[in-house]
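The structure appears below as structure tokens.
The values are calculated or read from the model by the stated rules, or taken from the named source; none is laboratory data. Everything numeric in this text was worked out from a predicted model, so none of it was measured. FYI the Cβ positions are ideal-geometry reconstructions off the backbone, even for glycines, and counts take in every protein chain you see.
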Amino acid sequence: MRALAAAAVLLAACLNLARDFPATNPRGLCGNGAHDGQESDVDCGGPCGPCVAGQSCAASSDCETEICDAGVCAPTRCDDGLRGSTETDVDCGGECAPCGLGRRCGSANDCAFARCLGNKCEAQTQSLENTMVPGRLGRNVALFGSTVAALAAPLVTDAPFTAEIVVWTRGASSFAEHARIPSAAPAALAMIDDALFVGVPTGTGRVDLFDAPAALANTSTPAIALAPNDTTTGFGTALAAARTVLAVASFDRVYVFSRASSGWPQQHSASVPGILAVAITTTTLVAAAPGAVRIFTRQGTTWSEQQTLSVAASCGASVALLDDDLLVGCAGSALRFLRSGAKWSLAQTFGAAVGVSAGAQIVALGTGVAMIGDPDAARVWPYYRVNSAEEWLSSPPLEGPLGSRFGFSIAGTDRLLTVGAPTDNPIGGGSTRGEVYVFGAP
């Protein structure tokens, strides 16, 4: 009898233990290297820990990613409408595109041109105002490192006010105005670490070069005025610069200047009728006209045409180039081309799926991010590279005041974006001061 009583007590204790501590490793099966018990795969799923992508599952709870697809744990996808284990919010953060304002985050890397505060993406924006009346600040912008330059170009109806180039430099907590440089009829800007280029296409045209943008003063004069070696008109209508090279468009030609000990001599020119935009790296030149994008590459000091991309007549108002990625602005969309070897191929079309307006033609590229300026809707749409070079997804747009033409000009990197809004801050009589917005500013 005593033996029976002891057995009953022991059984009751076991039952209470099972009730109070549900089995998470029944009979030690979760680490025995075998697929047994209620596991969905070897030592995972069911009462054991979650399985990794590629292992078998019976329910989403069996998977680390919480996605069980046809009996197999699937990796997180950035467009599945679910919050995967590597995402900080639904389809964003972590390995996916950065999240928009108000979405969950773990660090600033999870946010699109914003900061992560209290596990939410919050705006980190500074507006660079124009004190000139009127000015239409933001008709063109340039960004390099901690320096922003913007064109304040009044219309003829704004006379007697003249155009200026405004330069800001970043301090510990914000950007501060550094210099204002008067310039007659400027149309384009480009900047590298130690040079600011200003295109002045009146008549034959010229490009003014200012040394050390971060050290400019209001009284600064150009160190050099670049001019073409041949006869053309509108030289300086569009500019692009990278390290030691400068691309310049006239009304019908493209030019390349290369830095040398003696200055910036002309290295190349080619006929490109109807040219609207240029982009350049130290080894690749892009010249865009409606319907055609021509690409040149450099060997030594010689530039040769590599390929001509046929595009719609509504494309070519803007181009951006970064290594083997090329972005071409079109009416209401942007085309991303990818180079493999010596051949460029269309990889993706941005814009149509998110309702970018027909006036959106301005594009920019940073490391892993593409941007489309949509001034008609006062928006800038960022697209981020996720998972691989072939998958780019949109983040929520950055928005400016309606009617401000926010997105008329853009320049950016992966963490800093500068946007021109030339009709912001109206002051009556059809005139505006304009404004420049910096996203990701300290």
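Quick notes on this structure:
- Any hit, segment 144-160, residues being touching a Phe, Trp or Tyr at 6+ places or on another chain (Cβ under 7 Å), at pLDDT below 90 and surrounded by 15 or more Cβ atoms within 10 Å (Cβ to Cβ): yes
- Residue within segment 252-263 that is surrounded by fewer than 23 Cβ atoms within 10 Å (Cβ to Cβ), under 18 Å from R298 (Cβ atoms), in the same structural domain as L417 (by TED's automatic domain parsing) and more than 28 Å from the chain's Cα centre (by Cα) present: yes
- Filter result (touching a helix residue (DSSP H, G or I) at 6+ places or on another chain (Cβ under 7 Å) and in contact (Cβ under 8 Å) with a residue 40 or more places away in the chain) within segment 93-145: P98, C99, P134
- Within segment 71-92, being over 19 Å from S56 (Cβ atoms), surrounded by fewer than 18 Cβ atoms within 10 Å (Cβ to Cβ) and either among the acidic types (D, E) or modelled with pLDDT under 75 (or both) holds for D79, D80.
- When T297, T349 are checked against the criterion of being among the β-branched types (V, I, T), under 20 Å from the mean Cα position of the chain (by Cα) and in the same structural domain as F197 (by TED's automatic domain parsing), T349 stands alone in meeting it.
- Test: residue in segment 214-226 that is closer than 28 Å to G274 by Cβ and either assigned by TED's automatic domain parsing to the domain that holds L285 or assigned to a strand (DSSP E or B) (or both): yes
- Elements of type strands (runs of 3 or more DSSP E) contained in segment 91-149, each with 1 or more residues being over 28 Å from V167 (Cα atoms): 114-117, 120-123
- Inclusion of E66 among residues that are without any contact (Cβ under 8 Å) to a residue 40 or more places away in the chain and part of a strand (DSSP E or B) is not warranted.
- Scanning segment 194-208 for residues that are in contact with a strand residue (DSSP E or B) (Cβ under 6 Å, 6 or more places away or on another chain) and either under 24 Å from L416 (Cβ atoms) or outside the structural domain of L226 (by TED's automatic domain parsing) (or both) yields A195, L196, F197, V198, G199.
- Among the residues of segment 196-206, the one identified as aliphatic (A, V, I, L, M), under 27 Å from the mean Cα position of the chain (by Cα) and closer than 16 Å to Y255 by Cβ is V198.
- Residue within segment 268-276 that is in contact with a strand residue (DSSP E or B) (Cβ under 7 Å, 6 or more places away or on another chain), under 21 Å from F197 (Cα atoms), among the aliphatic types (A, V, I, L, M) and surrounded by 18 or more Cβ atoms within 10 Å (Cβ to Cβ) present: yes
- Matching strands (runs of 3 or more DSSP E) fully within segment 349-442 where at least 1 residues are out of contact with any Cys (no Cβ under 9 Å at 6 or more places or on another chain), farther than 20 Å from V166 by Cβ and at pLDDT below 75: 426-428
- Checking T281 against (1) buried (at least 18 other Cβ atoms within 10 Å of the Cβ); (2) of a type outside the set (G, A, S); (3) touching a His at 6+ places or on another chain (Cβ under 9 Å), the condition it does not meet: (3)
- Checklist (1) within 21 Å of P397 (Cα to Cα); (2) over 24 Å from the mean Cα position of the chain (by Cα) applied to D91, failing item: (2)
- In segment 330-346, of all residues being surrounded by fewer than 17 Cβ atoms within 10 Å (Cβ to Cβ) and assigned to a strand (DSSP E or B), the one that is nearest to the chain's Cα centre (by Cα) corresponds to L338.
- Of all residues in segment 300-315, exactly one satisfies the criterion of being assigned to a strand (DSSP E or B) and either modelled with pLDDT under 95 or under 20 Å from the mean Cα position of the chain (by Cα) (or both), namely C315.
- Residue selected from segment 185-213 under the condition assigned to a strand (DSSP E or B) and among the acidic types (D, E), by the criterion nearest to S269 (Cα to Cα): D208
- Test: residue in segment 26-33 that is modelled with pLDDT under 85 and either in contact with a Gly (Cβ under 6 Å, 6 or more places away or on another chain) or surrounded by 15 or more Cβ atoms within 10 Å (Cβ to Cβ) (or both): yes
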